[in-house]
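Throughout, read-outs are computed from the coordinates displayed, never taken from laboratory work. It should be emphasised that the depicted structure is a prediction, and the values quoted were computed from it without experimental measurement. All Cβ positions, even for glycine, are placed from backbone atoms using ideal geometry, and neighbour counts span all protein chains on display.
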């Protein structure tokens, strides 16, 4: 019979000995006081916590030793990792990067969509269709654009044959010879003092929108030559880059824009210095031939691998088709990988090497964000058939270039906490460990440099630099997480990226090996969830529970830091926030455990047992927090938690959603922001509205989320901010406050 021993090491920590292994455990001196007093409830809670950590480590240890992925058989793993090819994915990028493909009726966007549809059919996906959707963006396509210096010398400055992004989107047709006037930044009245620019073309490095307003709409300039601010890090570090620029078609009072050429910081600085040194004026000749269409449309492509049993819990894989030319990484890489996952999985299923999944795997190639919102508005019940979304947006970065880009994988926001987090984390942990060299592993006889390498034939041999991060938006997964949809979603998005939306986002910065690793990781997560049923639920629940125990300990650390950092200020407020931090962590971890029941016909007994365990863990941490507070403050008791006046007001309201996807599509832009409130926390305020939570419960949930990530990440959340944003949502007609 295995024995559990608690062996004191010093006054601050204990160590667990369990069947020959020793693991660190959070047993503080405050906890030991309770043990000394032989509090039976505390003893049970502590033993439960200890066992939870041990259970998790026991589950994890054999996996680490054998370098196996728990949720796939070794055969499934080897077939998936062998069939999925970063080299094949890269070949799709060769096609996508040929086209300038902005949203809103661009011919290049339709070319990309038709290619994707054709390949999806070729690979054997089911129910493939190209969906042409309504859009709010006016179609624009360029036919010809070139800019020549004609006096005092003859020199080609820009031509869209070199790169289409030399011409700003929405530039209107023109054939103009005019003097080129240097206006510096060109974004304020001061830049125009003593300069007559009417009918002339201006050279400026300020924000294009501001320059257009000042020079074209306000002063009658014929056009703009825009370059990167030479004083900015981007201008200094990447002087050759050409930015992707867009002009507004017209002003709010109906004044049309003209045209703008984009050039590099190096070109702009050279022109400026030459103009300053010349006694003669510089004249340029601009030719633009473009078309502005009348039918506003966007496009997406859909295909399926149909499941054998469950048709209302789809796993949705997304990538977005639209962007500038070349846009290899953002997001040609995501679209290419979704195609490659579809090809590989369909082939393996056809050959009988892996089973057809229980659930549908749905593949979407979209116009970023707007396609999903339009789709859900047109098909308001369709999201009810979706279990999770996994998005890929920038998954091909060569991680040895520039700032050594990291493959970030977002966790789901706290409002959507779900077992998806833990499956994703298990897979990413496995791929990272399998593609990282460790000195002791080599000494133990583990194959080197990588235990289970995932390497494309023509890619690098770099390690896999990936990590899970608190959620962000700005790409397609947000349309699943957001109210009123509420489907848990994550995104693979590498960052930082100094090549995004510039002429540098081309094939040369793509690594086939990173494409392959990310494609495998996404395919593995999708296939594991698509196949999960009664037999897999206990293992998944155990994985969630083990990671929940770790996350609870992280919340406890935030809680104690709150107290010790505020010993000389408002201790009562610090304790209130600290206690809430632990409670909110327990609530969301319970939600994650309970989400495992979605995989089964009835609630598994293990889910019920683990939920009960989590509640006791919460109590153990709460008791320890009380003891910690008394110890570090010297006070005899903890403060009585009370509400501020604004919190009392929030306690008396219970917001509820009153709008569906169509109304949100139409009204979302009318929501007023709140000064100082991070847009991601505003996003979460809306997501936590369920008709059951009070306003103060929403505040408590969102403020805990902000504190857990840190002020540097999400900023601060106050009751006043939450109250104001709820009012703004009500004013926009999206919620009712009762």
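Per-structure values
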quantity: Relative counts (whole %) of C-alpha pair distances in the chain, using bins that are 20 Å wide; calculated: 15, 43, 32, 9, 0
quantity: Cβ crowding within 10 Å averaged over residues, with 408-414, 288-294 ranked highest first; calculated: 408-414, 288-294
quantity: Computed over the chain: relative contact order in percent, which uses C-alpha pairs under 8 Å that are six or more apart; calculated: 14
quantity: Mean shadow area of the range 539-678 over all directions, Cα convex hull, nm²; calculated: 12.3
quantity: Cα-based helix-to-principal-axis angle, 265-277 vs the chain, degrees rounded to 10; calculated: 40
quantity: Relative contact order of the range 571-622, defined on C-alpha pairs under 8 angstrom at six or more residues apart (%); calculated: 44
quantity: Gain on full stretching of the segment that runs from residue 508 to residue 275 - 0.36 nm per residue minus C-alpha separation; calculated: 80.4 nm
quantity: Directionally averaged projected area (convex hull, Cα atoms, the range 246-286), nm²; calculated: 4.3
quantity: Potential lengthening between residue 716 and residue 136 on full extension [0.36 nm per residue; Cα-Cα distance subtracted]; calculated: 205.4 nm
quantity: 378, 504, 127 arranged by Cβ crowding within 10 Å, fewest neighbours leading; calculated: 127, 378, 504
quantity: For the range 565-629 versus the range 103-143, the gap between their alpha-carbon centres in whole angstrom; calculated: 46
quantity: Percent of beta bridges antiparallel (DSSP, the chain, rounded to nearest 5); calculated: 65
quantity: Size of the range 140-292 as Cα extents on the principal axes (Å, biggest first); calculated: 39, 35, 32
quantity: Label-point separation, residue 87 to residue 240 (7 Å along Cα→Cβ), nm; calculated: 2.8
quantity: Angle between the chain longest axis and helix 695-709 axis [Cα atoms, degrees, rounded to 10]; calculated: 80
quantity: Modelled label reach - residue 679, point 7 Å along Cα→Cβ, the range 444-483 residues with backbone N closer than 19 Å; calculated: 470-483
quantity: Value at 222 nm in deg cm²/dmol, rounded to 500, when DSSP H runs of n ≥ 4 in the chain each add -39,500 (n - 2.57); calculated: -13000 deg cm²/dmol
quantity: Residue order, fewest to most beta carbons within 10 Å, for 403, 249, 208; calculated: 403, 249, 208
quantity: Normalised contact order of the range 61-144, rounded percent, pairs of Cα under 8 Å and 6 or more residues apart; calculated: 22
quantity: Alpha-carbon centroids, the range 668-701 and the range 462-486: separation in whole Å; calculated: 18
quantity: For the range 286-418, the fraction of alpha-carbon pairs in successive 5 Å shells from zero, as %; calculated: 2, 8, 14, 18, 18, 16, 11, 7, 3, 2, 1, 0, 0
quantity: Percent of Cα-Cα distances greater than 13 Å, calculated over the range 94-135; calculated: 55
quantity: Tensor-based shape of the range 427-556 (alpha-carbon gyration tensor, a/c under 1.5 rounded, otherwise prolate or oblate); calculated: oblate
quantity: Cβ-Cβ FRET estimate between residue 601 and residue 384, R0 fixed at 22 Å, reported to 0.05; calculated: 0.80
quantity: Descending principal axes extents, the range 263-359, alpha-carbon based, whole Å; calculated: 79, 34, 21
quantity: Extent along principal axes [Cα atoms of the range 643-738; Å; largest to smallest]; calculated: 34, 28, 20
quantity: Base-10 log of normalised Debye intensity for the range 304-346 (one unit scatterer per alpha-carbon) at q = 0.22, 0.26 Å⁻¹; calculated: -0.77, -0.90
quantity: Among beta bridges that DSSP assigns inside the range 140-292, antiparallel share in %, nearest 5; calculated: 65
quantity: Rounded tilt (10° steps) of 571-595 against the dominant C-alpha axis of the chain; calculated: 90
quantity: Footprinting exposure proxy for 738, 144, 693 (fewest neighbouring C-beta atoms within 10 Å first); calculated: 738, 144, 693
quantity: R0 of 45 Å, Cβ-Cβ distance residue 403-residue 111: FRET efficiency to nearest 0.05; calculated: 0.90
quantity: Net length gained if the chain between residue 561 and residue 438 were fully extended (0.36 nm per residue, minus Cα distance); calculated: 41.0 nm
quantity: Whole-Å distance, taken between Cα centres, linking the range 181-218 and the range 493-524; calculated: 37
